[in-house]
1. Of all residues in region 45-68, which are farther than 17 Å from residue 21 by Cβ and either at pLDDT below 95 or over 18 Å from the mean Cα position of the chain (by Cα) (or both)?
2. Could you tell me whether residue 192 is free of Cβ contacts under 8 Å to residues at least 24 places away in the same chain and under 19 Å from residue 16 (Cβ atoms)?
3. Please count how many residues of region 81-96 are in contact with a strand residue (DSSP E or B) (Cβ under 9 Å, 6 or more places away or on another chain) and either at pLDDT below 95 or in a loop (DSSP other than H, G, I, E, B) (or both).
4. Residue under question is residue 52, and the condition is that it be buried (at least 20 other Cβ atoms within 10 Å of the Cβ), small (Gly, Ala, Ser) and outside any loop (DSSP other than H, G, I, E, B); does it hold?
5. Looking at region 73-93, I want the residues that are more than 20 Å from residue 129 (Cβ to Cβ) and have a partner that is crowded, with 21+ Cβ neighbours inside 10 Å and of a type in the set (Gly, Ala, Ser) with Cβ atoms under 8 Å, at least 6 apart or on another chain. Which pairs are those?
6. List the residue pairs whose Cβ atoms are under 6 Å apart, where the first residue sits in region 1-25 and is aliphatic (A, V, I, L, M), the second is at pLDDT below 95 and surrounded by fewer than 12 Cβ atoms within 10 Å (Cβ to Cβ), and the two are 6 or more positions apart or on different chains.
7. Count, please, the residues in region 158-174 that happen to be under 20 Å from residue 37 (Cα atoms) and without any contact (Cβ under 8 Å) to a residue 40 or more places away in the chain.
8. Out of all the residues in region 132-148, is one or more open to solvent by 10 Å² or more (accessible area, probe 1.4 Å), out of contact with any strand residue (DSSP E or B) (no Cβ under 6 Å at 6 or more places or on another chain), among the charged types (D, E, K, R) and not in a helix (DSSP H, G or I)?
Amino acid sequence: MKNKIRNILQLNPLIPVVTFQENDNPIEFMEYLLSQNVNCIEITLRTKSGFAAIESIKREFSTVIVGAGTVINSEQIGKLSDHGVDFIVSPGSTEKLINDFIKCDIPFIIGVSTASEIMRAKELGLDTLKFFPAHLFGGIAAVKMYGQLFPEIAFCPTGGISSETSKDYLKLSNVLSVGGSWFQKDFKNKKIK
C-alpha cells in the first residue's frame, strides 16, 4: 500500500483543523496561516461550506497542502478526488471505509482512540494514525504508553489540543504532527481586536 500520509505529516508538524461557516473567508484565513509559516490545512466537512472552502483554497494557493477532515463515507471520497485534495482525515474507521481510502489513492489517516482500534489498523497495514479525541482518551500519557506498546506506529494527536500542549505532544518520538483548532480561534480573536 502506498499511503504517503507519513511524508505529509513529517513536513507539517502543525495542522490547523478548520471548520468554515457560510460567512467565513477561507482565502483570508489561509493568508493568515501562511503569515504564521503554516503551509497545510485540514478543512472539515462538518458544514456545507467545507467543499467550497477546499475548492477556493486549492484554486488560490497552488503550494498549500489541503486536506479534508471528518470524512465518513465513500460518497465524500469520490467528491474529494474530484476536488484534488492532498490528504483525507477520518475521525474513525470501518473496514469498508479503509478499503475505499486505499482504492482512492489519496493519502489518508484514520482516527483511533483505543489499543484494539490501533491493532485493527495495524492488521490492515496502517502505521500512521490520528489519535482522536486526544484530550478525552488520556492525552499525552496515552500517546506515550501507545509508543511503548506499538513502537512502529506514528501518531497525529487531534482534539482538545492547544498551542501550548502541542509543543509537549511534538516532543514525543511517536508523534509526527498535531492537529488543532486553536489557529481558527486565534484568527477570530485577532480580527475582533
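1. Just the residues of region 45-68 that are farther than 17 Å from residue 21 by Cβ, to begin with: 58-67.
Within region 45-68, 59, 60, 61, 62 qualify.
2. Taking the combined requirement at face value, the residue satisfies it.
3. Qualifying residue count, region 81-96: 7.
4. no
5. 83/68
6. Between residues of region 1-25 that are aliphatic (A, V, I, L, M) and residues that are at pLDDT below 95 and surrounded by fewer than 12 Cβ atoms within 10 Å (Cβ to Cβ), the close pairs are 1/125.
7. The number of residues fulfilling the criteria is 9.
8. Within region 132-148, not a single residue is open to solvent by 10 Å² or more (accessible area, probe 1.4 Å), out of contact with any strand residue (DSSP E or B) (no Cβ under 6 Å at 6 or more places or on another chain), among the charged types (D, E, K, R) and not in a helix (DSSP H, G or I).
The values are calculated or read from the model by the stated rules, or taken from the named source; none is laboratory data. For clarity, every value in this text was computed on a predicted model and none was experimentally measured. Because the Cβ atoms are built from the backbone with ideal geometry, glycine has one as well, and the counts that use them run over all protein chains shown. Accessible surface areas use protein heavy atoms only, side chains included; no ligands, DNA or RNA. Shrake-Rupley method; radii C 1.70, N 1.55, O 1.52, S 1.80 Å.
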